[in-house]
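A short reminder: the numbers here are calculations on the coordinates, not readings from a lab. Please read all numbers here as calculations on a predicted model, not as lab measurements. So basically every Cβ, Gly included, is an ideal-geometry build from the backbone, and we count neighbours across all protein chains shown.
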Amino acid sequence: MKCRKCGQKAVINMRQHKLALCKEHYLEWIPQQTQRFIEKYRMFTPEDRILVAVSGGKDSLALWDILHRLGYQADGLYIGLGIDGGIGYSAESLRCCQNFAQQHGLKLRVVDLKSEFGHTIPELAQKSARGRGKPCSVCGLSKRNIMNRVAREEGYTVLVTGHNLDDEAAVLFGNTLNWLGGYLRRQSPVLEASHPGLVRKAKPLCRFYEREMAAYALLRGIEYIYDECPHAVGAKTIYYKEVLNRLEAERPGAKLRFYLSFLQAKEEGLFAPPEKETQELTSCVSCGQPTTAGELCSFCRMVEKDYAVSR
Ligand code: AMP
Ligand code: FES
Ligand code: ZN
Ligand code: ZN
């Protein structure tokens, strides 16, 4: 297989684009495409102050690398979840983020859940009804709260995450299987801040396959954590990813078409919100963030020291 641009040996063949590229041209192509998506979905401009949520995995570190190369002002945020899983998961992922920041002279903000809120994710999952046996739900809630809080308090105008096409297609698949209208309406490459307490969110990698990001990180020499979160084993999204991979194997491009035709259908009004659906948001009395959950937002309720669930 030869590179379409220069005829040298190709390192990757993207069947869905009928495009094979050599290392040099691939490392050029990914940032160019990312820039195209940033503009197409009006994610942000060079004037924005960007906060990149980095997990230590390939996608978010590759994203930070790409944004930095494209000349954007992008600082990193790492949230220490206190997950060990016998592999030192959180410690190793922090090390990868710090290493990357140091090598590129970039600023990394670290929020450690245990030292700032008193509990790790496994501890919160143990003590709260929401997380019983399901750390991922407690974890998602905590990450969303902290990401928005840091972005808002520190004057960032946009928060970006490393979600790739496989992530987005799997979530879309789950939401579609259950026709979850509210989630379908909100799933988008960019989510405008719908309240003064919320920060705009964007997913610049949402059109890249997971294998494309893995190839980018490897070819770029980015050191990242290979392990998945130990709690992700058996998660529904992993199963959906497998199902979609089977489809993709037989029909190259199926995953991308599924996601892009969803975005198109949305654009055409298929998922327009019913008029009565505008939910009232109030400000949490503890952290000040918008919530629909009452006086305290769900995160603050969960981390309240005296919060105990009857067992
Ligand atoms: P995940 O929810 O693990 O699939 O990760 C999706 C995205 O959320 C990643 O690409 C990161 O941008 C962000 N993220 C996940 N874990 C963390 C973390 N511990 N700290 C900061 N950002 C994270
Ligand atoms: Fe949060 Fe796994 S439980 S990353
Ligand atoms: Zn080439
Ligand atoms: Zn709160």
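Key figures for this structure:
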{"item": "Value at 222 nm in deg cm²/dmol, rounded to 500, when DSSP H runs of n ≥ 4 in the chain each add -39,500 (n - 2.57)", "result": "-14000 deg cm²/dmol"}
{"item": "Extended-chain gain in nm, criterion 0.36 nm per residue less alpha-carbon gap, Ala249 and Glu295", "result": "11.7 nm"}
{"item": "Rounded FRET efficiency, nearest 0.05, which uses the C-beta distance separating Leu70 from Arg4 and R0 of 25 Å", "result": "0.65"}
{"item": "Gained length - Glu116 relative to Arg186, 0.36 nm times residue gap less alpha-carbon distance", "result": "22.2 nm"}
{"item": "Cross-link partners of Lys134 among lysines (Cα-Cα below 17 Å; sequence separation of 8 or more within a chain)", "result": "Lys143, Lys236"}
{"item": "Relative exposure of Ser93, Ser115, Ser298, judged by other C-beta atoms within 10 Å (fewest first)", "result": "Ser115, Ser298, Ser93"}
{"item": "Local electrostatic count, Glu210, Cβ distance below 9 Å [Lys/Arg +1, Asp/Glu -1]", "result": "-1"}
{"item": "Dipole of the chain [Lys/Arg +1, Asp/Glu -1 at C-beta], most positive-end residue of Cys287, Gly86, Tyr226", "result": "Tyr226"}
{"item": "Neighbour-count ranking [beta-carbon atoms within 10 angstrom, fewest first] of Leu177, Leu81, Leu198", "result": "Leu177, Leu198, Leu81"}
{"item": "Set of aspartates and glutamates near Lys203 by C-alpha distance (under 19 Å), chain-local residues within fewer than 8 positions excluded", "result": "Glu39, Glu47, Asp48, Asp59, Asp65, Asp75, Asp166, Asp167, Glu168, Glu192, Glu212, Glu267"}
{"item": "Whichever lysines have a C-alpha closer than 23 Å to that of Lys9, once near sequence neighbours (fewer than 8 apart) are set aside", "result": "Lys18, Lys23"}
{"item": "Residue-count net charge about Asn99 - beta-carbon cut-off 12 Å; Lys, Arg +1, Asp, Glu -1", "result": "-1"}
{"item": "Prolate/oblate/rounded call for the range 190-231, Cα gyration tensor, a/c under 1.5 rounded", "result": "prolate"}
{"item": "Reduced Cα scattering model of the chain, Debye log10 I(q)/I(0), q = 0.09 Å⁻¹", "result": "-0.48"}
{"item": "Cα gyration tensor, the range 156-258 - rounded (a/c under 1.5), prolate or oblate", "result": "oblate"}
{"item": "Residue order, fewest to most surrounding Cβ atoms within 10 angstrom, among Arg257, Arg246", "result": "Arg246, Arg257"}
{"item": "Across Lys58/Lys201; Lys5/Lys241; Lys5/Lys266; Lys5/Lys58, pairs whose alpha-carbon gap is larger than 24 Å", "result": "Lys5/Lys241; Lys5/Lys266; Lys5/Lys58"}
{"item": "Between the range 56-87 and the range 210-276, the Cα center-to-center distance that results, in Å", "result": "18"}
